Amino acid sequence: MRTYTYLFVFLSLFLLVSSCKESEPAPEPPNSKFTLEYLGSGKVRTRVEGIINSAFTYTWTFGDGSSYNGTDVTHTYKQNGTYNITLVVSGADRQSSTAKAALVDNIATTGQGIVYLYRINNVKGNVAVTVNGTSEGSITIYDGTRIPNCGDAGYATFTRPAGTYNISAKAQSGESWVATMTIMNGQCSKLGLQ
């Protein structure tokens, strides 16, 4: 009987030890590291670093209400500011996220406008130009064959925040013009008076 008892204890211990498996390690969280590149004029590019797993979903939020899926995303901000960019990687019952702050300070907050004479009708002398009642210089070149660029000498160029402005011009010879002009940030808007 004693032999059976030892045998029973030995078999019980053997079964107990052999049935215990090493626990499997928890799966690694997915990679959510990313690079942030500033491209100018409010544009940023974000890219996942390292190994990309097609079984995972890569979701970006840009802190301005925009979100995109992908591993290489370009986004354009409309205003200067500090934004929190977050990448969330999920799939196979796993998820991880990483956030970085993006300082956007390269968006133009003004635009330029240029006023020129499109048609020349016996205009003599300088043409004084005002924008919303403020003098912005004079048109001294009357060339109906080309459209000038902002900053060209001989034309009235001004800088303003984005918006619509009242333009008035008056020649020394008595002719006058009234128009409106829309200025867009970072651009040169042109108004040819006829």
Return yes when residue 122 is outside the structural domain of residue 40 (by the TED database), modelled with pLDDT under 90, over 19 Å from residue 55 (Cα atoms) and of a type in the set (S, T, N, Q) and no when it is not.
yes
Could you tell me which numbered condition residue 176 fails, if it satisfies all but one of (1) loosely packed, with under 12 Cβ neighbours inside 10 Å; (2) closer than 30 Å to residue 67 by Cα; (3) not assigned by the TED database to the domain that holds residue 58?
(2)
From the list 90, 135, pick out the single residue that is more than 26 Å from residue 188 (Cα to Cα) and either in a strand (DSSP E or B) or modelled with pLDDT of 95 or more (or both).
90
Using the structure shown, decide if residue 173 is more than 30 Å from residue 79 (Cβ to Cβ), touching a residue at least 40 places away in the same chain (Cβ under 8 Å) and either polar (S, T, N, Q) or in a strand (DSSP E or B) (or both).
yes
Given the condition under 17 Å from the mean Cα position of the chain (by Cα), exposed (fewer than 12 other Cβ atoms within 10 Å of the Cβ) and among the hydroxyl-bearing types (Ser, Thr, Tyr), answer yes or no: does some residue in region 85-102 qualify?
no
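The values are calculated or read from the model by the stated rules, or taken from the named source; none is laboratory data. Everything numeric in this text was worked out from a predicted model, so none of it was measured. For neighbour counting, all protein chains shown are included, and Cβ atoms are generated from backbone atoms with ideal geometry for every residue, glycine included.
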